[in-house]
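Okay, so here's the structure we're looking at.
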Amino acid sequence: MTRAEFMSRLKTGLVGMPTSAAADILNDYESHFEDGLAEGRSESEVAEALGDPDRLARELKAEAGIRRWHQEQNPSSATAAILAVLGLGALDILFLLPLLMSVIGVILGGYAAALGFFAAGLGIMVAGPFASPPGGAFAAILAGLGFMAASVTIAAILTVFSIWLVNGVVWFARLHYRLLKPALEPQAS
């Protein structure tokens, strides 16, 4: 593989990353080629030593997604980290994606239930005193506050679980990368 082919495939694989980060990565790999050529190696030898550019791009995108998650823990960075990790391997997608989608569906359902509990609590608290409930208006207000507190508790527990889930996916990606790294590095002859 020539330098131009390697760099073109790497650039194509880095699509979706921030432009400045992709440019830095491309510059680093250009310098690898320059250093290799200065040492008397051919372009194809340098490209072979660097590995598959498509796989390399997926790993670099996964690492960038993981770094972003550690810097800013929000839903957008969590999604980016999970998608970057899933991009590491097609086989992993076959196993992880259905599992993750079902877990994410349960989490979203839990958030919807928490929102419903909150709305019900608000309705009981506001309308309850006018409906003459057993125990009086004060009991209706307390019941509404109880529903609202339960919904906040459910949402907090789901948020903690969501953070654990993203951290678990990040851990899996790092483990996956550590296991694959020896296979990706050039073997000494």
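The values are calculated or read from the model by the stated rules, or taken from the named source; none is laboratory data. Please read all numbers here as calculations on a predicted model, not as lab measurements. Note: ideal-geometry Cβ built from the backbone for every residue, glycine included; neighbour counts use all protein chains shown.
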**Complete:** Flagged pairs (Cβ under 6 angstrom, 6 or more apart or on separate chains; first in the stretch 26-42, more than 17 Å from LEU60 (Cα to Cα); second aliphatic (A, V, I, L, M)) are PHE33/VAL46; GLY36/VAL46
**Request:** Go through the stretch 71-189 and tell me which helices (runs of 4 or more DSSP H), entirely inside it, have 3 or more residues that are over 30 Å from LYS61 (Cβ atoms) and at pLDDT 75 or above.
**Result:** 90-127, 137-184
**Item:** Residue list for the stretch 23-66, restricted to those being modelled with pLDDT of 85 or more and in a loop (DSSP other than H, G, I, E, B)
**Value:** GLU39, GLY40, ARG41, SER42
**Request:** Just give me the residues in the stretch 120-170 being surrounded by 13 or more Cβ atoms within 10 Å (Cβ to Cβ) and among the aromatic types (Phe, Trp, Tyr), in sequence order.
**Result:** PHE147, PHE161
**Prompt:** Here are some residues: ALA21, ALA78. Which one is surrounded by 13 or more Cβ atoms within 10 Å (Cβ to Cβ), under 23 Å from ASN167 (Cβ atoms) and not assigned by TED's automatic domain parsing to the domain that holds VAL166?
**Reply:** ALA21
